[in-house]
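Here's the structure we're looking at; comments come further down.
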Amino acid sequence: MRNPGVPTGFYFPSLTSIDSTLYDHRSQNYPALPKALGDLTLLGEWCLTKHGEQFVLIDEFFDDKERILMFGSLWSITFLSYCSRWHADGTFLTRPLLFAQIYIIFGYFDGFLIPCIYCLTSNQKQITYEKIFNHLIRIGLSRLNIRYSPEALTCDFELGSINAACQLFPNIDITACFFHYAQGLWRKIQDLKLNKLISGSKKNNHFSEEEKQKAKNWFSGAVGLALIPPSFVESVWTDIMDIYTPESPSAEEFNDYMVDNYVCRASSRYSIDIWNVYHNIRDKLPRTNNAAEGYNYRMSTIFPPHPHIYEFIRRLKDEHEFQHHKSEEAQVKVKKRKNLYEKIDNELLKLIEQFEKGELSPIQLAIKSGKTVKIKKGKK
């Protein structure tokens with residue numbers, strides 16, 4: 001994999017610089033558009049890559065009304081087999097008409113995140129994700145004579161996909177995106193109308209400086225729970241609630257939200273081991289799914305909103321070929337991280353080092369770590 005026969009990554013420029021207008025270089029006549037999923041029949045060129053290789057890996061119609069289409073090719077299923085870490089994310093703006101989402105499975109390789117499998121689904125139920133992963137396992141066995149066994153998966157907080165991955169890959173380590181965790185907490189703060197207290201706005205004179213600082217520590221501690229050793233999460237949140245909770249019924253409601261969804265190991269909706277990213281920081285691995293989210297933006301520049309299925313496939317063929325070259329680039333070039341992200345992770349590592357030396361208590365580690373990361377506190 002490190003030395004492919006003709007490593008195009010040596011000869012092509014950095015592909016992010018290629019204008020996406022290359023995808024609009026031709027017009028094409030399309031078959032009659034289906035009015036329902038059952039009317040859609042893909043034949044001939046619509047099942048093949050630009051080079052005549054099988055592109056539609058799976059086309060399953062089930063439960064009389066549900067449909068899964070999976071797109072990929074030999075290079076992408078091979079590349080995925082070399083990646084011990086996978087990422088997955090759903091996107092909606094560019095989904096074709098008649099489908100509910102595009103679910104993309106990425107391979108993480110030396111800092112590069114390459115989209116390998118594109119899935120069109122008519123729903124977001126757990127059974128659908130189970131089918132996707134089952135199909136993928138069978139494809140690996142039949143086409144490559146291997147059984148996919150990723151060590152780790154980074155994804156969003158959709159329980160259907162999380163449960164399906166755990167069921168099909170029993171030894172997988174699943175990490176929910178830290179960015180989604182932090183943003184979810186901030187949205188809850190906004191719902192409870194506590195954002196002015198937390199943000200410390202100078203226009204807000206209803207609270208003393210002491211109250212504002214206390215509230216900042218409270219929220220930063222909530223964010224920082226994802227950045228401390230998992231074994232400390234429950235006790236640290238108990239201490240944070242006791243010391244820093246603002247005098248407000250809404251603040252108590254936020255505390256309950258944290259316990260119900262995240263903090264209680266016995267009963268929370270999401271397991272601590274899923275949303276806590278402490279070990280990712282220690283191992284210098286991604287703590288977010290931001291690269292996958294960024295790819296959703298790329299998709300929005302290539303595809304119109306909700307294209308019909310044939311327009312979608314035509315453009316996806318071009319994009320898949322682009323990502324083929326990108327995958328070869330990944331094998332011969334070093335991916336540079338943005339300075340901001342590298343700086344933040346280095347600061348988090350320094351805090352962990354201070355904690356391990358006994359210079360910071362667990363609660364101090366949570367609050368300081370929560371203040372170190374950057375959270376976009378935009379309006380809803």
Candidates Ile137, Ile198, filtered to the one that is touching a Lys or Arg at 6+ places or on another chain (Cβ under 7 Å) and not assigned by TED's automatic domain parsing to the domain that holds Val259: Ile137
For segment 279-289, give me the residue count where each residue is in a helix (DSSP H, G or I) and surrounded by 19 or more Cβ atoms within 10 Å (Cβ to Cβ). 2
Out of Tyr103, Tyr82, report the one residue that is in the same structural domain as Pro170 (by TED's automatic domain parsing) and under 18 Å from the mean Cα position of the chain (by Cα). Tyr103
Reported set for segment 4-58 where residues are part of a helix (DSSP H, G or I) and modelled with pLDDT under 90 is Thr8, Gly9, Phe10, Leu15, Thr16, Ser17, Ser20, Thr21, Leu22, Tyr23, Asp24
Could you check segment 236-266 and list, in sequence order, the residues that are surrounded by fewer than 18 Cβ atoms within 10 Å (Cβ to Cβ) and farther than 24 Å from Glu210 by Cα? Val259, Asp260, Asn261, Cys264, Arg265, Ala266
Of all residues making up segment 299-310, the number that are assigned to a helix (DSSP H, G or I) and either surrounded by 17 or more Cβ atoms within 10 Å (Cβ to Cβ) or touching a helix residue (DSSP H, G or I) at 6+ places or on another chain (Cβ under 7 Å) (or both): 5
Quick one: Leu97 ticks every box in (1) surrounded by fewer than 18 Cβ atoms within 10 Å (Cβ to Cβ); (2) at pLDDT 95 or above; (3) closer than 25 Å to Asp64 by Cα except a single one, so which number is it? (2)
Residues of segment 63-92 being modelled with pLDDT under 95 and under 17 Å from Pro34 (Cβ atoms), which ones? Asp64, Lys65
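The values are calculated or read from the model by the stated rules, or taken from the named source; none is laboratory data. Here the structure is a predicted model, which is why all the values come from computation and not from measurement. Quick reminder, even Gly has a Cβ in these numbers, built from the backbone with ideal geometry, and neighbours come from all protein chains shown.
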